[in-house]
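The values are calculated or read from the model by the stated rules, or taken from the named source; none is laboratory data. These numbers were taken from a predicted model, which means no experiment stands behind them. Every residue, glycine among them, receives a Cβ derived from its backbone with ideal geometry; neighbour counts consider all protein chains shown. Each accessible area value is taken on the protein alone, full model and side chains, heavy atoms only, with ligands, DNA and RNA left out. Shrake-Rupley method; radii C 1.70, N 1.55, O 1.52, S 1.80 Å.
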Amino acid sequence: AQWAEREAQAQAELEALSGQGLSAEEQAEILAAQIEDQAANLPTLEDAHRQAQAKANTQRQAATSVQQQIQVLAAEQRSLDEQVRQLGTRRERLGADRQTLVAPDEERLQDLQAQLDEASEREAEAQARLEDGQAQVPALDDERRQRQHTLNTELATVAQRTARLDALRALQDKVQSGGKLQPWLAKQGLEGLQPLWKRIHIQPGWETALESALRERMQSLEVGRLEMLRAFANDPPAARLTFFHPPAAMAVSGGAGGTPAGLTALSSYLQVADAGLRGLLDDWLQGVYTADTLEHALAQREALAAGQSIVTPAGHAVSRHALSFYAADSEQAGLLARAQEIENLEKEVKAHTLIADEARTALARAEAAYADASQRLGHTRTQAQQAQAQRHALQVEVLRLHAQAEQARQRQAQVESDLAEVDAQLEDLQERRMAAEGRFEELDMQLADAQERHAQHEDLALEAERRLNAARDQLRVLERQAQEANFAQRSLQARQAELGRAIDTARQQMAQVVDEEQRAHDEMGRLSDAAAQGGLQEALERKMEREQALAARRSEYDDLTAKLRASDEQRLKHERELDPMRQRIVELQLKEQAARLAFEQYHQQLLEAGQTEPEALAALAEGIAAEGVKLAGLQGEIDRLQRDMTALGAVNLAALDELSAARERKTFLDAQMADLNEAIQTLEDAIRKIDNETRELLGGTFEAVNSHFGRMFPELFGGGQARLVMTGDEILDAGVQVMAQPPGKKNQTIHLLSGGEKALTAIALVFAIFQLNPAPFCLLDEVDAPLDDANTERYAKLVASMSTGTQFLFISHNKIAMEMAEQLIGVTMQEQGVSRIVAVDMDAAIGMAELH
C-alpha cells in the first residue's frame, strides 16, 4: 500500500512539471532571438570604437613626441645652466687660489737647513755617548749579578752549615743529657765533670776507630784520687763508667813484640796537649794499631803478638785469631766524630760568614756603580732621543717647505691652465644656450596644435566606447536571462526523469518484495535444524582455512617487509659511503676550477709581459737549474715572498733608531726577566716546602681525628664501626667522606640513617676533632634533642669521661642528661613576664637529702 501511495504522488508531480516545462521553452526561444539581434549589431560598434581609438592614439603619440622633445630640450637647457654655474664657481675658486698662493721664504729655509745640520751633529755626539753607556751598563750588570750570585752562594753555604751545626749540637746535647749515667752522676754530684772525649782530638777519619778501641772509656771522668771511689761500690752506676787519675809522666813500651812492620799505632793519630792524659791514652791504646782497609788488617794479623789488635777507620778490630765488627751499641756512639765535626763546622761558618760580609760589601759597590751607570745611561738616552726628535722635526719642516715651494709652482701653472680652459668652455656653453632657446619656441607651438587635435579625437573615441559598452551590457543581460531559462528548463527535465525513475523503481521493488516473500515461505518449509548445523560447521571450516591462509600471507608480508627494511638500510649505508666520495669530487672540482682560474691569470700575465708559454718555461728551467730550487715548492715560495713583501709595508726611516732602542729595552727586560725567574724559583721552593709541611701536618691531623672517630663511634652506638676516607690522591685537594655503619645496619648512604643516628655520628666526629686539641671549655646546645634514652645514656657517659680535662656547659631538656651534671642552672617564670635563674649544686643537694 505504501509503494502504491508513493507512485501516485510521483505521477501527480510529474504532470505539474510538464506544464511548467512548456512555458520555460517558450521564454528561452524569445531570449535567443534577442541575443542574435544584439550580437549582429555589436561588431559594427566595435569597429567604430577601434577606429576612433586609433586616431586618438596617433594624435597622442604626436603630442607625446613633441613633449619629449621639449623635455629633452629643457633638460639640456638646465644642464647648460648648471655647467655655466659650475664653471663660474670654478673660475672664482681658481682666481681665489691664484691670489692665495704664497711661496715659502728662502731665508727661513736656509736658516732651517743650518739648524738641521747642527742638530744632526748633536745627535751623532749623543748617539756616541749612548753607545758607550750601553756598552758599560751590561758589564756592570754582569758584575752585579756575579756579586749577587756569590753572596747568595755564601749565604746558602752559611745557612746549610749553620743548620747542620745546630742539628749536631742538639743531637750532642740530647745524647749527653739522655743517657743512663746522667741521673746517677747528678745524684753523686759529678755532672759537672768533663768526659774524656771532650778533652782529646784525633786525626779526621779515625774517630770511629778510637771509639772502637776505648769503648766505654770515652766517657771516662777524671778524679783526684781513685781511693775516693770506694763509696760507689754500694751504689754503682747504671752503666759502665770509668774513672781515671792521669800520672804526671808515663812511659809506654811497644809491647813484647814491638810494632809490626807496615802498621801505625792508633795513639800516633791523637792530638792531646796534656802530658799526663797523653800517657794515660798511650797506656790504654798500647798494642792497638791501624790499617786503612779490612783486607790490609787481615793480611797483617800474623805479625800481631798476644794482646795486640788492628782497627780500621770503620771501627772493625782484627786480632791474631779473631775479627770483631764494630756497631754503635749505645746512644753515646759517635760523640767524638760529632764533636770534631761541630768544631770544623764552627770554623767553616765563621770563614763563610766573613766571605759573605765581603761579598755583601762588594755587591753594594757593584749595585751603586750599576745604578750610577744606569742613571747616566738614562740621561744620555733622553738627550739622544731629544736630539733625534729635534733633528727629525727640523728635517720634516725643511722637507715640508721644499714640498710647499714645489707645490706652489705647480699649482700656479695648473691654475693658469684651468682658467683658460674654463673661459673657453663658458663661450661654448653660451652659444649652445642661444640655439636651444630658438628650438624651444618652435616646439612649444607644435605641442599646442597637437594637444588640440588629440582632445577632439579623444572625445570621439569616448563616445564610441560608451555606445559599445552599452551594447555589451545589454547583450550580457540577455545572455544571463537565457542561461537562467535554460537552467530552469534543464532542472524541470531532470526532475521529470528522476520522478519517472522513482516510479519504475517503486514498481520493481514491489515485485521483488512479493517474490522474496514467496521464496521465504518456500524456504521455511524446506529448512531443518540438522541442515543448519551442517552449514554452520562447513562455514566455520572455511573460516579456519581462510584465517590460516591469511596468517601465511601475513608471514610472507612480514618477511617481505623485513627484506625491504634491510634493503633500505643497505641503500642508506651505500649512500653514506658515497657521501665522502661526493665531497671529494666537489673538492677536486673546486681545486680544478681554482687551477683553471690561476692558469688563466698567469696566461694573462704572460701576455701582458709580452712572453709566450715556451719562452717562460725555458727561462724558468734555467733559473731553477741555476738556483737549485725545486719546482714543486716554487709556488709556495712565491706566495711566501709576496706575503713577506706585503707584511713589510712602507719603508721606516727611523727603523735603525727603533732597533737600537728595542735592543736596549730587551737587555733591560732580560735582566728583569732573570730577576723574576729567580724570584719565581724562590717562591716555588717556598711553596713546595710549605706544601710538604702542610701535607705532613694535615696527614697527621687526619690520622689522629680518624683514630679518635673510630674509637668514639662504637662508644656512642654501643658497637658498629666508622672511619674517615680521603677522596683523592692529593691530600691538599682531596675531600673527606664519613663512612658510618651502626651495629646491625649495612647502609650504603648517610640518608639511610635515622635522625638520632645522624646526630650521634656528628657528635662522634665533633668530639674526635675536639680531642685533637682540647679546649678548657666546651658548650653544647641541645645536642641530645633527637636521641632516645639508650643513646642519651651513652652520650652522657662519653661527656662525663671527657669532663676530666674539659669543663662542659650544655643546654638540655633531657632528665638523663641532667643527671650527669654537677651544677644545674634553670630558668623559671613564676610570674608572667618575669624570668628568674635557679642554680642547684648536685653534690650539696645530695648531702642535704641524706641529712634529712
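Residue under question is LEU779, and the condition is that it be under 48 Å from the mean Cα position of the chain (by Cα), within 20 Å of ARG711 (Cα to Cα) and modelled with pLDDT of 90 or more; does it hold? Break it down into steps so the answer makes sense when it comes.
Working: under 48 Å from the mean Cα position of the chain (by Cα): yes; within 20 Å of ARG711 (Cα to Cα): no; modelled with pLDDT of 90 or more: yes.
Here the answer is no, as LEU779 does not meet what is asked.
Before we move on, is GLU664 within 38 Å of the chain's Cα centre (by Cα) and free of Cβ contacts under 8 Å to residues at least 40 places away in the same chain?
Taking the combined requirement at face value, the residue does not satisfy it.
Taking LEU634, is it open to solvent by 80 Å² or more (accessible area, probe 1.4 Å) and at pLDDT below 80?
Numbers: open to solvent by 80 Å² or more (accessible area, probe 1.4 Å): no; at pLDDT below 80: yes.
No: the conditions fail for LEU634.
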State whether one or more residues within region 415-436 are among the polar types (S, T, N, Q) and modelled with pLDDT under 75. no
In region 413-440, the residues that are open to solvent by 70 Å² or more (accessible area, probe 1.4 Å), in contact (Cβ under 8 Å) with a residue 24 or more places away in the chain and over 30 Å from GLN69 (Cα atoms): GLU416
Is there a residue in region 821-839 that is over 14 Å from ILE763 (Cα atoms), modelled with pLDDT of 85 or more, surrounded by 12 or more Cβ atoms within 10 Å (Cβ to Cβ) and among the hydrophobic types (A, V, I, L, M, F, W, C)? yes
Looking at (1) in contact (Cβ under 8 Å) with a residue 24 or more places away in the chain; (2) more than 49 Å from the chain's Cα centre (by Cα); (3) under 30 Å from ALA156 (Cα atoms), which is the only condition LYS347 fails? (1)
Quick test for you: out of ARG93, ARG78, ARG108, pick the one residue that is part of a helix (DSSP H, G or I), among the basic types (Lys, Arg), open to solvent by 100 Å² or more (accessible area, probe 1.4 Å) and touching a residue at least 60 places away in the same chain (Cβ under 8 Å). ARG108
Give just the number: which of (1) at pLDDT below 80; (2) part of a helix (DSSP H, G or I); (3) surrounded by fewer than 16 Cβ atoms within 10 Å (Cβ to Cβ) does ALA103 not satisfy? (2)
Just a yes or no: is a residue in region 408-431 more than 23 Å from ALA40 (Cβ to Cβ) and β-branched (Val, Ile, Thr)? yes
Among (1) in a loop (DSSP other than H, G, I, E, B); (2) at pLDDT below 75 - the single one PRO236 does not satisfy: (2)
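Counting only residues that are β-branched (Val, Ile, Thr) and part of a loop (DSSP other than H, G, I, E, B), which one in region 192-223 is modelled with the highest pLDDT?
Pass one, region 192-223, residues β-branched (Val, Ile, Thr): 200, 202, 208, 223.
Then drop every residue that is not part of a loop (DSSP other than H, G, I, E, B), which leaves 200, 223.
Values: ILE200: 76, VAL223: 72.
So the residue we want is ILE200.
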Picking from ALA373, ALA337, which residue would you name as being within 30 Å of ASP132 (Cβ to Cβ), in contact with an Asp or Glu (Cβ under 9 Å, 6 or more places away or on another chain) and surrounded by 14 or more Cβ atoms within 10 Å (Cβ to Cβ)? ALA373
Would it be correct to say that GLY744 is among the small types (Gly, Ala, Ser), open to solvent by 60 Å² or more (accessible area, probe 1.4 Å) and out of contact with any His (no Cβ under 9 Å at 6 or more places or on another chain)? yes
Is one or more of the residues making up region 52-75 on the phi < 0 side of the Ramachandran plot, buried (at least 16 other Cβ atoms within 10 Å of the Cβ) and charged (D, E, K, R)? yes
GLU703 is checked against (1) over 30 Å from SER374 (Cα atoms); (2) of a type outside the set (Ser, Thr, Tyr); (3) surrounded by 14 or more Cβ atoms within 10 Å (Cβ to Cβ) and fails just one. What number does that condition carry? (3)
Hey, can you tell me all the residues within region 750-780 that are in contact with a Ser or Thr (Cβ under 9 Å, 6 or more places away or on another chain), within 18 Å of MET820 (Cβ to Cβ) and open to solvent by 50 Å² or more (accessible area, probe 1.4 Å)? PHE777
Contacts under 6 angstrom Cβ, first residue in region 749-763 being touching a residue at least 12 places away in the same chain (Cβ under 8 Å), partner of a type in the set (Gly, Ala, Ser) and surrounded by 12 or more Cβ atoms within 10 Å (Cβ to Cβ), 6 or more apart: THR761/ALA740
Out of all the residues in region 325-338, is one or more modelled with pLDDT of 80 or more and touching a His at 6+ places or on another chain (Cβ under 8 Å)? yes
Step by step: first the residues of region 840-852, then only those that are open to solvent by less than 100 Å² (accessible area, probe 1.4 Å) and outside any strand (DSSP E or B), then the one that is nearest to LEU780 (Cα to Cα). Which residue is that? MET842
In region 743-762, anything over 42 Å from the mean Cα position of the chain (by Cα) and not small (Gly, Ala, Ser) is listed as PRO743, LYS745, LYS746, GLU757, LEU760
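Results for (1) over 46 Å from the mean Cα position of the chain (by Cα); (2) at pLDDT 75 or above; (3) under 28 Å from ARG91 (Cα atoms), shown as yes or no for each residue.
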| position | (1), (2), (3) |
| --- | --- |
| SER374 | no, yes, no |
| GLY378 | no, yes, no |
| ALA387 | yes, yes, no |
| ARG391 | yes, yes, no |
| GLN395 | yes, yes, no |
| LEU399 | yes, yes, no |
| ALA403 | yes, no, yes |
| GLN407 | yes, no, yes |
| GLN412 | yes, yes, yes |
Somewhere in region 688-700, is a residue under 30 Å from LEU140 (Cα atoms), among the aliphatic types (A, V, I, L, M) and open to solvent by less than 100 Å² (accessible area, probe 1.4 Å)? no
